[in-house]
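Note sheet for the following structure.
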Amino acid sequence: MAGKGIDLPNPTIKIENVVASTALGSALDLQTIALSLVDAEYEPEQFPGLIYRMKKPKTATLIFRSGKVVCTGGKSLLDVQTAIAHVITEIEKAGISVNRNPEIIIQNIVASADLGSKINLNAIAISLGLDKVEYEPEQFPGLVYRLDHPKVVLLLFGSGKLVCTGAKKPSDVDEAVDKITIELRDAGLLQ
């Protein structure tokens, strides 16, 4: 990546959470599944889905009667795939037939990064344009910056740290962080 002819170091990007969904088939008997999954939580009066937490990879999988599944907490797509594969195996052990190779769709990737130096959020709010920026320091200490491409939201903090949310693939995060780094450097707002 380059801005004004200068090679920029890519800030360290860390994926914090991958949220993905899939469908295991038609209607599932959550009561039977709850009895067969050790550590499953199923209280339909409080939440309509079954919650299954794994320690490795550290994820929470929500299983709904409709067969829909949401997996959250993974640090990568591999974590999500591993968790869903484990859930499928455990459900099948209970004698319930499910789709063995469901399509997994990433709904959201949340990542963090460090731009490497403190930043002036007031100056950034003016520089980036008020149509894509929300900055109300009395309400929230970060600046909210909405990108059109990739379609993500960046939360920038005065410390130089940022959070990217809304990405559908890791390359969206890379592209967004590269883009904001170049924009801030080009505007003279990042050392």
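Check G49, G73, G67 and return the single one that is on the phi > 0 side of the Ramachandran plot, more than 16 Å from the chain's Cα centre (by Cα) and either surrounded by 14 or more Cβ atoms within 10 Å (Cβ to Cβ) or in contact (Cβ under 8 Å) with a residue 12 or more places away in the chain (or both).
Numbers: G49 fails: on the phi > 0 side of the Ramachandran plot; G73 fails: more than 16 Å from the chain's Cα centre (by Cα).
It is G67.
Answer yes if at least one residue in region 20-30 is at pLDDT 95 or above, closer than 24 Å to V173 by Cβ and of a type in the set (V, I, T), and no otherwise.
Checked against the condition, which is being at pLDDT 95 or above, closer than 24 Å to V173 by Cβ and of a type in the set (V, I, T), region 20-30 yields at least one hit.
Residue-by-condition table, conditions (1) hydroxyl-bearing (S, T, Y); (2) touching an Asp or Glu at 6+ places or on another chain (Cβ under 8 Å); (3) not in a strand (DSSP E or B):
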| site | (1), (2), (3) |
| --- | --- |
| M54 | no, no, no |
| V87 | no, no, yes |
| V98 | no, yes, yes |
| A113 | no, no, no |
| V144 | no, yes, no |
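Do any residues in region 84-104 that are without any contact (Cβ under 8 Å) to a residue 40 or more places away in the chain and at positive phi have Cβ atoms under 6 Å from those of residues that are part of a helix (DSSP H, G or I) and of a type in the set (S, T, N, Q), where the two are at least six apart or on different chains, and which pairs are they?
Qualifying pairs under 6 Å: none.
Mind listing just one residue for me: the one in region 7-19 that is in contact with a helix residue (DSSP H, G or I) (Cβ under 7 Å, 6 or more places away or on another chain) and in a strand (DSSP E or B) and, of those, modelled with the lowest pLDDT?
I13
For E138, state whether it is under 26 Å from K179 (Cα atoms) and open to solvent by 60 Å² or more (accessible area, probe 1.4 Å).
So E138 does not fit the description; no.
Only one of K151, K132 is touching a Lys or Arg at 6+ places or on another chain (Cβ under 9 Å), open to solvent by 40 Å² or more (accessible area, probe 1.4 Å) and at pLDDT below 95. Can you tell me which?
K132
Of all the residues that make up region 159-191, how many are in contact with a helix residue (DSSP H, G or I) (Cβ under 6 Å, 6 or more places away or on another chain) and outside any strand (DSSP E or B)?
3
The values are calculated or read from the model by the stated rules, or taken from the named source; none is laboratory data. Only a predicted model underlies this, so the values are computations on that prediction, with no experimental measurement involved. FYI the Cβ positions are ideal-geometry reconstructions off the backbone, even for glycines, and counts take in every protein chain you see. Heavy atoms of the whole protein, side chains included, go into the accessibility calculation; ligands, DNA and RNA do not. Shrake-Rupley method; radii C 1.70, N 1.55, O 1.52, S 1.80 Å.
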